[in-house]
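Asker: For reference, the structure I am asking about is given below.
None of the figures in this text is laboratory data; all of them are computed from the coordinates on show. Quick caveat: nothing in here was measured; it's all calculated off a predicted structure. Virtual Cβ from ideal backbone geometry, glycine too; neighbours counted across all protein chains shown.
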Amino acid sequence: MPRSLRARLLAAFLVVVAASLGTVGLAVLLTGPRYFAEAMGHLPGDPMGQAMANATQAAFTDAMRRALLAATVIAVVTATLVSLAVAARIARPITRLAGAAQRIAAGHYAERVELDEPGEIAELATSFNEMAGSLEATERRRIQLVGDVAHELRTPLSTLDGYLEGLEDGVVAPTPQTWRLLRDETSRMTRMINDLSELWRAEAHQLPLHLEAVDASEVARQVAERFRTRAEPRGITLELPAAPAVALADRDRLAQILSNFLSNALRHAPDGSAIRVATATGPDLVRVSVEDEGPGLAAHQLEAVFERFYRVDAARSRAAGGSGIGLAIVRALADAMGGQAWAESDGPGCGAVFFLELPSASPVPLTES
């Protein structure tokens, strides 16, 4: 049995041709002489007519067999050539897909297949390209994650190494403050690694999610209570929504997103200002927003703030400003729950609004609270 698709298609076509020719030839041989005799006819009792009929029928049968043999040879040759062309046309896109799959297996994740074939072949090529794109994105995230970890851990590791060397040489005294500083650095590295791990899993859609009907307004109020002790000493007012806004979401992940938004707002809000948390419900979505009166964002920063380790204030240290990937985690979590996250600002000095949009669990007319 041939192994290549092209050879198997050719064999299948030839089997069909052989069956068709055999059927036609057998039918002609069985029915042709009788129809010929009926068409010729002869007078009963005429020996000469009977002899001529027999000779004519024998000649017809011989000529018919020769013609069938010649037609069979011509048909087989023609069918072979046509079958080769058709099999090659059918097998060509499959061969291209197989070659592209081999190149992807070798690590060339940017490989794509462009096919103009209609029907199932086009659907196969589309699915293949989607799979290749997913693999390429996963590999890109993996490489970026490795680079991010190497870059972000360099500073705390250098600090630890310097203090440990100083302790070893006796230059740094082993005081409680020194040990506390070393512990803070290790805690910061642990937090950063945990955040990066969570970001990776969220972007790869590997986080376990329990989607249910959740009142986003209630979650916002619960999260805000944890931040009041940080807001009140600075005279910052937290304005919270009152009307329910039921979204289809994971309650814990929604709370995590709102915690990131409020933490970010408190970090940048001036003393004595207000932070407004609002919800809006629409026919098929729920929108939650957190607005502050901080320094605002320039147009080019509206997307950049959701990138890993981007910092609006480059002078702010990691220890004072968090790991720098909170908003990246927010966007990944929003996407994992079927929603989206973005920021808006009228420009520097005008404050900023961070939005989260999720599918609605109870469609209602668009309202805000």
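Asker: Output the peptides 189-196, 284-291, 72-79 sorted from most to least packed, where packing is the average of other Cβ atoms within 10 Å over each peptide's residues. Working shown, then result.
Answerer: Details: 189-196: 16.1, 284-291: 21.5, 72-79: 13.1.
Output ranking for 189-196, 284-291, 72-79: 284-291, 189-196, 72-79.
Asker: Can you give the FRET efficiency to the nearest 0.05 for Ala274 and Thr159, using r as the Cβ-Cβ distance and R₀ = 56 Å? Don't jump to the answer; show the numbers that get you there.
Answerer: Details: r = 38 Å, r/R0 = 0.67.
The formula returns an efficiency of 0.90 here.
Asker: State to the nearest 20 debye the size of the charge dipole of the stretch 212-368 about its Cα centre, where the only charges are +1 on K and R beta carbons and -1 on D and E beta carbons. Walk me through the intermediate numbers first.
Answerer: Numbers: 15 positive and 21 negative charges, 125 e Å.
That gives the stretch 212-368 a dipole magnitude of about 600 debye.
Asker: Considering only the other residues whose Cβ falls under 14 Å of the Cβ of Arg234, what net charge follows from Lys and Arg at +1 and Asp and Glu at -1?
Answerer: Working: positive: Arg228, Arg230, Arg267; negative: Glu232, Asp271, Asp292, Glu293.
Value of the local net charge: -1.
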